[in-house]
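Novice: There's a structure below that I have some questions on.
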Amino acid sequence: MKKIYKYSLLSIAIGLILSFTGCEDKKWSEDYDIKWPVPQISSLSQKGDVAIGSEITITGSNFANVMVAVKGEECTVLSTNDAETELKVLLPRIFEEGPIEIYNVYKRWSESTDLLSPVYPETKVSKVNDIPAGLQFKIEGENVDIITNVYINSENAPILTREPGEILVNSADLGLRPGQLVTVSFKSLSPNSVPPVPNVNVVYPFIEYKELAIWDFEDGTHAYIGEGSATVESGGSDCPGNMDKFFQLRAPGYGWDKASGEMTSNEVPDITTFVNPYLTFAVRTPVGSAGYFQMEDQNGNWRHFDYGFNTGGEWMIISQPLAEGWEGGDFDPRAFKPKLGFKAGNAGTQQDVDIAYMKISEGFYDGAIQPGDPIGSDDRPARIELMTFEDTQNWPDQVNSGNGETIGALDNTLRPAADQINAFNGSHFYTYGDDGSLGNWSGYWGNTLSVDTKSHYLGVFDDAHLSVALNTGIGKGQQYIIIRMYQYDEQLVLVRKFFPNNNSVWSTHQFSLFNEDLENWSDDSTDLGKHYKSLKRMNPDEPIDRIEIIVSRNDANEIVLSMDELVITEGPRY
Ligand SMILES: [Ca+2]
Ligand SMILES: [Ca+2]
């Protein structure tokens, strides 16, 4: 994003230069009669079609301290020779057909007569990562930085940062729910069209608590200019979120009449990867005194935090949404250039204030959350993966001990050559075939897939759903699969049956684990057994012992059934 940001600044700069050049030329020459050097381009090492990001040599004159652009997009200057007659630059990764433009510090510029026309490479998306609902996620691949649009279920999702190997995308404001499966699609400048990626998981938003310091004073320096005694002191580790050092000002105050001083930053904090940026700082005023500052944006906005600080010698943390509370017109958080104006305000003649840090935090920071903690207190897992078949070593072939036939195997082994499929998620799945041994409506009881689930506490979910993706063989008709679940040391046995018939297309099948009546297969030969036999639902506060999949014959239909991603999620998947 740094680059993109620079581009937009450059465009503004160029716009200003262009709009002023005409009249300024005249004024300057009249007033000063100085011949400012003008960069001149005599030739380019390449013209016409040229690969994006490639190196190009520009020959000409007066190439000292220049900015180079192509159709307004900045190039990276690699080198300038001593005679200032030759420049080597890297073209940007995204630009439109146009001339090379060179600008110098004297607001003089010229452009090449030859035009450059971008040639974009193919874009390949290799991985779309899980999407934490409402937060950012990564898309990986080759030349993914020339993707111009990302869509989640056809809704545009803004791209936050771009590198050739990965882009970061924001999923905020799209109303995504954890557990949902979505399709991510793309528009790219590449000559190829990039295929959409289906079945991307939306998961619980666990994000790293992160922050960006505007000033933390830990290097012992401060940027205060003004009256009074301004120092950096040690011993502020009692302030939550602070390391050790803090800024200390002891100065006279002038109420609202004038400022005692100011603290200015030359940096624009790069908040592009923050989803929910907050302005967060820690202040303290000595017992019996007070002080105050307002926050300003050097672009012309300002904001207040009450109108005076009086913390009685205790540290106070203030954390507010960065984009809110500004006066003085529209505030652009991406261009925010911080400055503190130390006008004592309601602190009157006092201007005694300590500042431990001034930072941008991800979300509200109250000092209780330590950087590195997950945000929020949600302890629900993103989703519980029971069978994904990516751990291939745990899924050996299923062999019918009666006849020695292989009836279950990973991937396409048991699918007809004309009916090979890709995994629903990841690279692997599991398939059952037909050995001709089963009677109608009977199952492979000796060859079930089973997973131990005792360690998962499902009470954290509001409505845990179990879902599995199924894919039936082309023309094989309806298939039959039984999900069998055990609770209370396997005394309670409940089942849910599915009859998929999707002709070689994956579809997800799901049910509510605890909020839906299920078929009861418990053994009722004892009194306790009779009790379990009377239940229709499992208890969400008790662990489920085990979940088992039994592939069966649907009437006389030949069995070809693949499965993938048996997972537990919050709520249905769509
Ligand atoms: Ca500090
Ligand atoms: Ca898989």
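Read the figures in this text as sums done on the coordinates, not as results from a lab. Because the structure is a prediction, the values reported are computed rather than measured. Ideal geometry is used to build each Cβ from the backbone, glycine not excepted, and the neighbour counts take in all protein chains shown.
Novice: Kindly express, to the nearest 10 degrees and within the range 0 to 90, the angle between helix 2-32's C-alpha long axis and the longest C-alpha principal axis of the chain.
Specialist: Once rounded, the angle reads 20 degrees.
Novice: Enumerate by residue number the trypsin sites (Lys or Arg not before Pro) in the range 509-555 meeting two conditions: DSSP loop (anything except H, G, I, E, B), and at most 12 other Cβ atoms within 10 Å of the site's Cβ.
Specialist: Qualifying residues, ordered by number: 536.
Novice: Here's another thing I want to ask about it. I'd like to know which of 110, 467, 442 lies farthest towards the positive end of the charge dipole of the chain, counting +1 on Cβ of Lys and Arg and -1 on Cβ of Asp and Glu.
Specialist: Ranked along the dipole, the leading option is 110.
Novice: While we're on this one: Give, in nm to one decimal, the length gained when the segment between residue 528 and residue 262 is fully stretched (0.36 nm per residue of separation minus the Cα-Cα distance).
Specialist: The span from residue 528 to residue 262 would gain 88.0 nm if fully extended.
Novice: Percent relative contact order of the chain, based on C-alpha pairs within less than 8 angstrom and at least six residues apart? Kindly include the intermediate steps, with their values, before the conclusion.
Specialist: Values: 1449 pairs, mean separation 58.0, N = 574.
Rounded, it is 10 percent for the chain.
Novice: Could you derive backbone 3J(HN,Hα) for the range 132-142 from the dihedral phi with the Karplus parameters 6.51, -1.76 and 1.60 (θ = phi - 60°), listing whole Hz in sequence and x where the residue is Gly or Pro?
Specialist: In residue order, the calculated couplings are x, 3, x, 10, 8, 9, 9, 10, 10, x, 10 Hz.
Novice: What does the C-alpha gyration tensor say about the overall shape of the chain? Classify as rounded when a/c is under 1.5, otherwise prolate if a/b is larger than b/c, or oblate.
Specialist: It comes out oblate by the Cα gyration axes.
Novice: Given 132, 56, 269, which one lies farthest toward the positive end of the charge dipole of the chain, if we put +1 on the Cβ of every Lys and Arg and -1 on the Cβ of every Asp and Glu?
Specialist: Checking the options against the dipole of the chain, the answer is 56.
Novice: Would you calculate the separation in nanometres between label points at residue 40 and residue 502, each defined as 7 Å from the Cα along the Cα-to-beta-carbon direction?
Specialist: Rounded to a tenth, the inter-label distance reads 6.9 nm.
Novice: Of all DSSP beta bridges in the chain, what percent run antiparallel (nearest 5)?
Specialist: Working: 141 of 147 bridges.
Of all bridge pairs located within the chain, approximately 95 percent are antiparallel.
Novice: Checking the a/c ratio against 1.5 first, then a/b against b/c, what shape does the Cα gyration tensor give for the range 211-362?
Specialist: Oblate, because a/c is 1.5 or more while a/b does not exceed b/c.
Novice: Please report the net charge: other residues with Cβ closer than 15 Å to the Cβ of residue 343, K and R +1, D and E -1.
Specialist: -4
Novice: From the phi of every residue in the range 404-413, what ³J(HN,Hα) in whole Hz does the Karplus formula 6.51 cos²θ - 1.76 cosθ + 1.60 yield, where θ is phi - 60° and glycine or proline is x?
Specialist: Each residue of the range 404-413 in turn: x, 7, 7, 10, x, 7, 5, 6, 8, 3 Hz.
Novice: Further question: Considering only C-alpha atoms, what is the centroid distance from the range 340-357 to the range 438-460, in Å?
Specialist: 67
Novice: Report, in debye and to the nearest 20, how large the dipole of the range 384-570 comes out about its Cα centre when Lys and Arg carry +1 and Asp and Glu carry -1 on their Cβ.
Specialist: Using only the charged Cβ atoms, the result is roughly 440 debye.
Novice: Along the range 468-477, what does the Karplus equation 6.51 cos²θ - 1.76 cosθ + 1.60 (θ = phi - 60°) give for ³J(HN,Hα), rounded to whole Hz, x for Gly and Pro?
Specialist: Values per residue, Gly and Pro as x: 9, 8, 10, 8, 9, x, 4, x, 8, x Hz.
Novice: State to the nearest 20 debye the size of the charge dipole of the chain about its Cα centre, where the only charges are +1 on K and R beta carbons and -1 on D and E beta carbons.
Specialist: My answer is approximately 820 debye.
Novice: Let me ask something else. Give me the one-decimal nm value for the distance between modelled label points at residue 76 and residue 225, 7 Å along each residue's Cα-to-Cβ direction.
Specialist: My value for the distance between the label points is 3.4 nm.
Novice: Give the residue list of trypsin sites (Lys or Arg not before Pro) in the range 451-529 that are DSSP loop and have at most 13 other beta-carbon atoms within 10 angstrom.
Specialist: Here the sparse-neighbourhood loop sites are 454.
Novice: With each run of n ≥ 4 DSSP H residues scored as -39500 (n - 2.57), what mean residue ellipticity at 222 nm is computed for the chain after dividing by its residue count and rounding to the nearest 500 deg cm²/dmol?
Specialist: Working: 2 runs with 38 residues, N = 574.
Result for the chain, helices only: -2500 deg cm²/dmol.
Novice: Under a Cβ-only charge scheme (Lys and Arg +1, Asp and Glu -1), can you give me the dipole magnitude of the range 160-297 about the Cα centre, in debye to the nearest 20?
Specialist: Dipole magnitude for the range 160-297 comes out near 520 debye.
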